[in-house]
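What follows is calculated from the coordinates using simple rules that are stated; it is not laboratory data. This one's a predicted model, so the numbers in the text were calculated from it and none came from an experiment. In this analysis, Cβ positions are derived from the backbone assuming ideal geometry, glycine residues included, and neighbour counts consider all displayed protein chains.
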Amino acid sequence: MSRAADCVVPYEDAVAAFTLNVSLDPDGTARRRYGFDDAGWVLIRPDQVVTVRGVDSDLSALERYLAMVIAPRASA
């Protein structure tokens, strides 16, 4: 499991994690589309809008989004 997938576990009722890595994207097409040279993560809203994205070594944007947007909904 990737670090990004680990990060969303507490929010798994509201968020699904998908990591773009070499084994799932061997020719790099999806990673290039999202601007990654290596493995990365993308959070896509249900309306297909890319909300945040980043590399697995930097989860700060994902953590902020989860804390500010998803956590209030989860506790409501």
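Of all residues in segment 1-43, count the ones that are surrounded by fewer than 17 Cβ atoms within 10 Å (Cβ to Cβ), touching a Lys or Arg at 6+ places or on another chain (Cβ under 9 Å), within 24 Å of VAL69 (Cβ to Cβ) and not small (Gly, Ala, Ser). The number of residues fulfilling the criteria is 1. Pairing residues of segment 16-31 that are in contact (Cβ under 8 Å) with a residue 24 or more places away in the chain with residues that are not in a helix (DSSP H, G or I), at Cβ distances under 6 Å and at least 6 apart in sequence or on separate chains, gives THR19/SER2; THR19/TRP41. Just to be sure, is ALA61 hydrophobic (A, V, I, L, M, F, W, C), touching a Gly at 6+ places or on another chain (Cβ under 8 Å) and surrounded by fewer than 17 Cβ atoms within 10 Å (Cβ to Cβ)? Judged against the criteria, ALA61 is a match.
Among the residues of segment 53-62, are any aliphatic (A, V, I, L, M) and in a helix (DSSP H, G or I)? Looking for residues that are aliphatic (A, V, I, L, M) and in a helix (DSSP H, G or I), one finds at least one in segment 53-62, hence yes.
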